[in-house]
Amino acid sequence: MAYPMQLGFQDATSPIMEELLHFHDHTLMIVFLISSLVLYIIALMLTTKLTHVSTMDAQEVETIWTIMPAIILITIALPSLRILYMMDEINNPSLTVKTMGHQWYWSYEYTDYEDLTFDSYMIPTSELKPGELRLLEVDNRVVLPMEMTIRMLISSEDVLHSWAVPSLGLKTDAIPGRLNQTTLMSTRPGLFYGQCSEICGSNHSFMPIVLELVPLEYFEKWSASML
């Protein structure tokens, strides 16, 4: 999860988030190079007294400053499109979980298990135990197996919500009457926190998401104890 004074993204937990971090660094480097070049040219124009008159009508210069931006845009667009297709791709999910947004809590249904459904409410500050995080802890965590492809079906029962977990690179809108889907896969166990990322009402900031990614054998024991 995020830590105080953090400027960058959270540590990547899924392959998709790793790709997004690489793409962010790739694009940021291009932005730095362009910004440095523009600042250098501005400083040069403000400080030098030399003027090259023929440069203003040079066809070669116009050709370069037309082609170069096109090449830069292509180097940004191609990796972006690749990641977009990767995020929408679903290959034989091992487990499906349905998430419903309410005012203001989440409910989860493990569709592969008939009776495994529960609501997830935020734990009030007065009931937190030592070490628990304010406004982020819930009474029922979503326990999922790690290193397995999991399909999340996301919708809402009342208003617009958004199911988001930053370290997994997930953000999917929960829209009443519409069923959106996304996939997740964790490469390591742990607790991963998220929140509703849509301004859904007065208690918008009080409907957190907690995913607990565990090895498969622990998930099977947990699911058996919940049924």
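The values are calculated or read from the model by the stated rules, or taken from the named source; none is laboratory data. None of these values were measured; they are calculated from a predicted model. Quick reminder, even Gly has a Cβ in these numbers, built from the backbone with ideal geometry, and neighbours come from all protein chains shown. Accessible surface is based on the protein model in full, side chains and every heavy atom, while ligands, DNA and RNA are left aside. Shrake-Rupley method; radii C 1.70, N 1.55, O 1.52, S 1.80 Å.
Tabulated results
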| read-out | value |
| --- | --- |
| Set of lysines near K171 by C-alpha distance (under 24 Å), chain-local residues within fewer than 8 positions excluded | K98 |
| Computed helical MRE - 222 nm, the chain, DSSP H runs ≥ 4 contributing -39500 (n - 2.57), nearest 500 | -11500 deg cm²/dmol |
| Förster radius 41 Å - calculated FRET efficiency between Y40 and E18, Cβ distance, rounded to 0.05 | 0.75 |
| Accessible surface, 1.4 Å probe, highest first, among residues L144, L81 | L81, L144 |
| Residue of G194, G101, G177 that the Gaussian network model of the chain assigns the largest fluctuation, springs spanning Cα pairs under 10 Å | G177 |
| Spatially proximal lysines relative to K129 (Cα-Cα < 26 Å; intrachain offsets below 8 disregarded) | K221 |
| Accessible area of the chain belonging to carbon and sulfur atoms, whole % at 1.4 Å probe | 61 |
| Placed amide H near Q195: partners under 5 Å, 5+ positions off or other chain | A164, I209 |
| Candidates M29, M86, M45: whichever shows maximal mean-square fluctuation once the chain is modelled as a Gaussian network with Cα springs under 10 Å | M45 |
| Prolate/oblate/rounded call for the stretch 93-224, Cα gyration tensor, a/c under 1.5 rounded | oblate |
| Among A70, A174, A12: highest mean-square fluctuation, GNM of the chain, C-alpha pairs under 10 Å | A70 |
